[in-house]
Every structure is written in structure tokens, then in C-alpha cells.
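**Student:** Structure provided below as C-alpha cells; questions to follow.
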Amino acid sequence: MKSPSKFFVFLVWLGIHANILVICGVLTGSLYIQFAWNEFPCRLCMAQRMSMLLCGLAQAFLLCRIRVDRRLSWRTFVTAEGMTLCAALTGACISLKHILLHITPPDPGYGTPVWGLHLYTWAFFVFAAECVAVGINLLIAPESMEDMPLAFGWFSRTVLILFAVVIVALAFATFLVEGLHWNLPNDPIRNELLYDLGFRLC
Amino acid sequence: MDTLIVLSILVALALFYFFPKRVFGILLFWAVWIAVVLLVLFHETTPMSLNF
């Protein structure tokens, strides 16, 4: 058996962190648009956010296993990549549905475009990139990666904490729009929680 | 329901972190995934969304 390729294993390790950080960045951007531009996410937008969170969660699973084992078994790696792929494909289907809902010419689309494209179109690109990243990860991961020790230091811990903070922020933002209702409205126009609590201007 | 799903993702992350060898986190992951799929399958489009 060949000696393990340190470079490719390092790329996989780097890819796990980059994946979570990119998802955190995209979701933070969506939160910024929700609060700074006062745009409310619809149900499909929320489903896309959840799919992105699931993509990040699968990669966080890998980090958590590295924390305990200090290495990555092939079985764990393939399991996490499969989870990521399922979440990304689901998110891509939801984004496509959202795009097709607004594709006819008189329809201006949902929300304000960012750099010429609506957020659900950007979300589709993110999910497509996620699928490509899974493919590349599976392509470059050496068979003997189980023999390679992997580090779990302050950087990995910070990435996990950042991901947890983004999830909490998203839960808060969702609760604000959904309020104490079971479902989000299809076309939300206000923060239901504040409205129900008597803040009629919000 | 959406808030609960997002909070479930947080719980799954905690399960992955504190019980990485157990299967609970993975089970919760798939439960959330199925919930998201069902959420979209039963999503009803409003006339405003289908504004032809």
C-alpha cells in the first residue's frame, strides 16, 4: 500500500472547514438582508436555509469525529459526504422550485435582487457548488486516509462555535417571523411574533 | 414548525459534539431532512406566487 498522501488529506481537512465557513457566510448574508433590508423569508426561503444548515451539519459531524478519533475513517467520511449530498440535492430542488415559481416575465420575483440575481438563484448556485465539492472530496480523498492523524485545535473549535451561533441566530430570526404560529406564511409581510405581542408597527 | 426544525439542527450538532460515537445525531439529521422534504412537498403556492 502506498504511503498516505498528506497533501490530499490536508485538502480534505481544509475543505471541511471551508465548507462550514462558506455556509455560515451565506446564511449570515441572508440574515443581514432580512434585518437590514427588512425582507421577510417565505417558507421556501426557510426550507433552503434549513438545507444549507443540514449541509453544514454533515460537515460538522466530520469535525466532531476528528475531535474524538484524531483521524477520519473512510466509513465516517463517506457517510458525511452522503448526508451532505442528500441535503444539497434537496436544497437545489427547492431553489429550482422557487425559481420556476417566479420565472414568467411579468413576475418581478420574490425579494430584492442581489447583484442582479434573487437570493433563491444564489442559493441554487451554493447547492450546486456543494454537490461539486462533495464530488471533489470523494475524488481526492486517498484510500489510506485512516492512517493519517488530523488536528482538532482552536481553529476547528472556532468553526464549530461559529456554526452553532449561526444556527441560534437563524432560529431566532425564524421565530421572529413565524411567531407562535405552526406555519410560516407564504408571503410574510411582518414579524408575526412582534405583531402578536402588540407591536403593531413591526 | 420551522423554528422547531432549526432548533432540532442545533440539538443534532450538540449530539454530534458530545456523543460523536452514538447514532442519535445521525438519526436526528435524517429526521430533520425528512421534515424539510415533507415541508416542501406539502407547500402550497399562493396566487401571489403564481402571478402569471
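The values are calculated or read from the model by the stated rules, or taken from the named source; none is laboratory data. Fair warning: this is a prediction, and the values are worked out from it, not measured in the lab. Methodologically, a virtual Cβ is constructed for each residue, glycine included, from the backbone with ideal geometry; neighbour enumeration extends over all protein chains shown. Just so you know, the surface numbers come from the protein's heavy atoms only, side chains and all, with ligands and any DNA or RNA stripped out. Shrake-Rupley method; radii C 1.70, N 1.55, O 1.52, S 1.80 Å.
**Student:** State all residues of segment A:1-13 that are without any contact (Cβ under 8 Å) to a residue 24 or more places away in the chain and open to solvent by less than 20 Å² (accessible area, probe 1.4 Å); if no residue qualifies, say none.
**Tutor:** Of everything in segment A:1-13, nothing turns out to be without any contact (Cβ under 8 Å) to a residue 24 or more places away in the chain and open to solvent by less than 20 Å² (accessible area, probe 1.4 Å).
**Student:** Give the residue that is farthest from the chain's Cα centre (by Cα), with candidates limited to residues of segment A:123-133 that are within 14 Å of A:His98 (Cα to Cα) and touching a residue at least 12 places away in the same chain (Cβ under 8 Å).
**Tutor:** This residue is A:Phe124.
**Student:** Now a separate question. Is there a residue in segment A:118-135 that is among the polar types (S, T, N, Q) and buried (at least 20 other Cβ atoms within 10 Å of the Cβ)? Even if it seems obvious, please write down each step before you answer.
**Tutor:** Taking segment A:118-135 and keeping what is among the polar types (S, T, N, Q), we get A:121.
Pick out the ones that are also buried (at least 20 other Cβ atoms within 10 Å of the Cβ) and you get none.
No.
**Student:** Filter segment A:26-61 down to the residues that are over 14 Å from the mean Cα position of the chain (by Cα) and within 12 Å of chain B (Cβ to nearest Cβ) and list them by number.
**Tutor:** If the condition is that a residue be over 14 Å from the mean Cα position of the chain (by Cα) and within 12 Å of chain B (Cβ to nearest Cβ), then A:Pro41, A:Cys42, A:Arg43, A:Leu44 are the ones that fit.
**Student:** Hey, another quick one. So the check is Cβ under 8 Å with 6+ separation or different chains; which pairs have a first residue in segment B:18-35 that's more than 7 Å from chain A (Cβ to nearest Cβ) and a second one that's of a type in the set (Ser, Thr, Tyr)?
**Tutor:** Pairs found: B:Ile26/A:Thr79; B:Leu28/B:Ser8; B:Ala31/B:Ser8; B:Ala35/B:Ser8.
**Student:** Taking A:Cys64 as the residue in question, decide whether it is open to solvent by 10 Å² or more (accessible area, probe 1.4 Å), at the interface with chain B (Cβ under 8 Å from one of its Cβ atoms), within 26 Å of B:Thr3 (Cα to Cα) and part of a helix (DSSP H, G or I).
**Tutor:** no
**Student:** Of all residues in segment A:14-54, which are closer than 19 Å to A:Glu130 by Cα and either hydroxyl-bearing (Ser, Thr, Tyr) or open to solvent by 40 Å² or more (accessible area, probe 1.4 Å) (or both)?
**Tutor:** Once the filter is applied, which keeps residues that are closer than 19 Å to A:Glu130 by Cα and either hydroxyl-bearing (Ser, Thr, Tyr) or open to solvent by 40 Å² or more (accessible area, probe 1.4 Å) (or both), segment A:14-54 yields A:Leu14, A:Ala18, A:Leu21, A:Val22, A:Gly25, A:Val26, A:Thr28, A:Ser30, A:Ser51.
**Student:** Name, by its number, the condition in (1) under 16 Å from A:Pro41 (Cα atoms); (2) part of a helix (DSSP H, G or I) that does not hold for A:Ile189.
**Tutor:** (2)
**Student:** With the requirement that a residue be more than 16 Å from A:Leu21 (Cβ to Cβ), away from chain B (no Cβ under 12 Å) and open to solvent by 10 Å² or more (accessible area, probe 1.4 Å), what does segment A:143-174 give you?
**Tutor:** A:Glu143, A:Ser144, A:Glu146, A:Asp147, A:Met148, A:Pro149, A:Leu150, A:Ala151
**Student:** Here's a follow-up. For A:Gly109, all conditions in the list (1) over 21 Å from A:Ser51 (Cβ atoms); (2) surrounded by 12 or more Cβ atoms within 10 Å (Cβ to Cβ) hold save one; what is the number of the exception?
**Tutor:** Failed condition: (1).
**Student:** Same structure, new question: What is the number of the single condition among (1) within 29 Å of A:Ile140 (Cα to Cα); (2) touching a residue at least 40 places away in the same chain (Cβ under 8 Å); (3) more than 7 Å from every other protein chain (Cβ to nearest Cβ); (4) of a type outside the set (Asp, Glu) that A:Thr112 does not meet?
**Tutor:** Result: A:Thr112 passes all but (1).
**Student:** Inside segment A:176-202, can you point out the residues that are free of Cβ contacts under 8 Å to residues at least 40 places away in the same chain and over 17 Å from A:Asn38 (Cβ atoms)? Even if it seems obvious, please write down each step before you answer.
**Tutor:** Our first condition is that a residue be free of Cβ contacts under 8 Å to residues at least 40 places away in the same chain; within segment A:176-202, this holds for A:176, A:178-182, A:192-202.
Correct list: A:Leu180, A:His181, A:Trp182, A:Asp196, A:Leu197, A:Gly198.
**Student:** Could you tell me whether A:Gly179 is small (Gly, Ala, Ser), modelled with pLDDT under 90 and surrounded by 13 or more Cβ atoms within 10 Å (Cβ to Cβ)? Talk me through it step by step, then tell me what you get.
**Tutor:** Numbers: small (Gly, Ala, Ser): yes; modelled with pLDDT under 90: yes; surrounded by 13 or more Cβ atoms within 10 Å (Cβ to Cβ): yes.
Against the criterion (small (Gly, Ala, Ser), modelled with pLDDT under 90 and surrounded by 13 or more Cβ atoms within 10 Å (Cβ to Cβ)), A:Gly179 qualifies.
**Student:** Pairs needed: first member in segment A:35-53, over 11 Å from A:Ala173 (Cβ atoms); second member anywhere, open to solvent by 30 Å² or more (accessible area, probe 1.4 Å) and hydroxyl-bearing (Ser, Thr, Tyr); C-beta distance under 7 Å; at least 6 residues apart or different chains.
**Tutor:** A:Trp37/A:Thr112; A:Glu39/A:Thr112; A:Cys42/A:Tyr110
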